[in-house]
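Enquirer: Take a look at this one; I'll ask things after.
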Amino acid sequence: MKGLLWVLALFALAVGISLAAHFNEGYVLLVFPPYRAELSLNLAIVLCLGSFLMFYGLLRAVALTRSLPRRVREFRQRRQREKMIETFYEAARLLFEGRFSQALKKAGEVHASGQSPALAALLAARSAQRLREPAKLQAWLDRAVHDDPKMLPASLMLTAEMHIEMHRFDDAVAALKRLQQNSGRHIAALRLELRAQQGCANWDEVLRIARLLEKHNALLPELALEIKLKAHQENIRQWRSELARLQAYQRTIPARERSPRLARTYAEALMELGAHDEVCAFIETQLGEEWDSRLISLYGQARSGDLSARIACADQWLLQHRDDAQLLLALGRMCLQQRLWGKAQTYLEAALSLADRREVRLELARLFEQTERADKAMPHYRAAAEQMA
């Protein structure tokens, strides 16, 4: 519609000019002594316009001719830039495809062309990292930071990843601390630091970071629980030579982070310290809150405390857990310590009927030896040896 309007406007203008020229009777007198020339005004106007257009065209031709080298140069630069952009996209694609050697080569070509050199260097550094070539990685990171100082945080992240992959966890922590000073921490950096602190065995830091990531929903609850459990277990093992510090640490563990597995680790640490009374009290409290068959085994191995009271307590548990082989084994061991031979044999044979395990066989063999029934002990020793083989 717009084009049609333009055509109509041009036709209207042409008609107007034609009518004006038809009624125009003026003329132009040109005097060049001794010559005189007389032209109609319409012709004079046409000649002036024609001369102007010819002169303008001549000037444009000269200008275009003089600018031709510059235009050719700009065209070549534009084509080169477009080619490097395509190469950059190809390098990124190759990186995501896992073809790291080719991605490194393409990124090097882009960097050499000067097209986004810092980003190209960073892409080459990532490729070198995947190729496990730390020397090339560091060289490309240095180039990236040199080309653009804003690439420093990304450079530090890649450096930390490289150190973690090479199990140089202290260097990874140092790089992440520098990152924090430069641009603050973010979720990805915290995830890297969690791995680095685990490698350094800084379990207090592991707990702090895991809780922070869990608070920001950056860790699955199951994974966060496992990480915190591992950190607590390692801290308990660290203090297993000092009873006071071990008990103080146990009290600081939040209730939501406690579990039967952690309780077993704590009870084993108390056993190693020889704190048998504390072990028994802890296990009785723990089993009152949540039953754990593997924890009851430690209860039967304790070598101090009131055995009669412990046997009575375990008998009460047996009313609710009659098919628990570990509980029967613990009762058998405690009765064996108390020299209640008949009860010990009853409990141990009941445990054996539920689970034919080596430790039950050995306890029965000891019982028969202590009651001078070696002929009955030998079959249990042989069965225990076969289970060990």
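The values are calculated or read from the model by the stated rules, or taken from the named source; none is laboratory data. Computed from a predicted structure; not experimentally measured. Cβ placement follows ideal geometry from the backbone for every residue including glycine, while neighbour counts extend to all protein chains displayed.
Enquirer: Restricting to region 172-190, name every residue that is within 21 Å of Pro134 (Cβ to Cβ) and out of contact with any Gly (no Cβ under 8 Å at 6 or more places or on another chain).
Expert: Scanning region 172-190 gives Val173, Ala174, Ala175, Leu176, Lys177, Arg178, Leu179, Ala188, Ala189.
Enquirer: What's the number of the only condition in (1) surrounded by fewer than 22 Cβ atoms within 10 Å (Cβ to Cβ); (2) at negative phi; (3) modelled with pLDDT of 85 or more that Ser297 fails to meet?
Expert: If we test Ser297 against (1) surrounded by fewer than 22 Cβ atoms within 10 Å (Cβ to Cβ); (2) at negative phi; (3) modelled with pLDDT of 85 or more, just (3) comes out false.
Enquirer: Just need a number here: residues in region 1-30 that are among the β-branched types (Val, Ile, Thr) and either in contact with a helix residue (DSSP H, G or I) (Cβ under 9 Å, 6 or more places away or on another chain) or at pLDDT 70 or above (or both).
Expert: Going through region 1-30 one residue at a time, the tally reaches 2.
Enquirer: With respect to the numbered conditions (1) in a helix (DSSP H, G or I); (2) in contact with a Lys or Arg (Cβ under 7 Å, 6 or more places away or on another chain), which one is the sole condition not fulfilled by Ala154?
Expert: (2)
Enquirer: Continuing with this model, one more query. Kindly list, by first and then second residue, each pair from a residue in region 135-148 that is at negative phi to a residue that is among the β-branched types (Val, Ile, Thr), limited to pairs with Cβ atoms under 9 Å and residues at least 6 apart or on different chains.
Expert: So the pair list comes out as Leu137/Thr159; Gln138/Thr159; Leu141/Thr159.
Enquirer: Run Arg132 past the list (1) more than 24 Å from the chain's Cα centre (by Cα); (2) assigned to a loop (DSSP other than H, G, I, E, B) and report the number of the one that doesn't hold.
Expert: Condition not satisfied by Arg132: (1).
Enquirer: Further, regarding this structure: Of these, Gln320, Gln326, which one is touching a Ser or Thr at 6+ places or on another chain (Cβ under 8 Å) and under 23 Å from Leu352 (Cβ atoms)?
Expert: Gln326
Enquirer: For a quick check of your reading of the model, give me the residue pairs whose first member lies in region 220-247 and is surrounded by 14 or more Cβ atoms within 10 Å (Cβ to Cβ), whose second is among the polar types (S, T, N, Q) and in a helix (DSSP H, G or I), with beta-carbon atoms closer than 7 Å and at least 6 apart or on different chains.
Expert: Listed pairs, sorted by first residue: Gln233/Thr265; Ile236/Thr265.
Enquirer: List the number of the failed condition for Gln102; all other conditions in (1) among the polar types (S, T, N, Q); (2) modelled with pLDDT under 90; (3) at negative phi hold.
Expert: (2)
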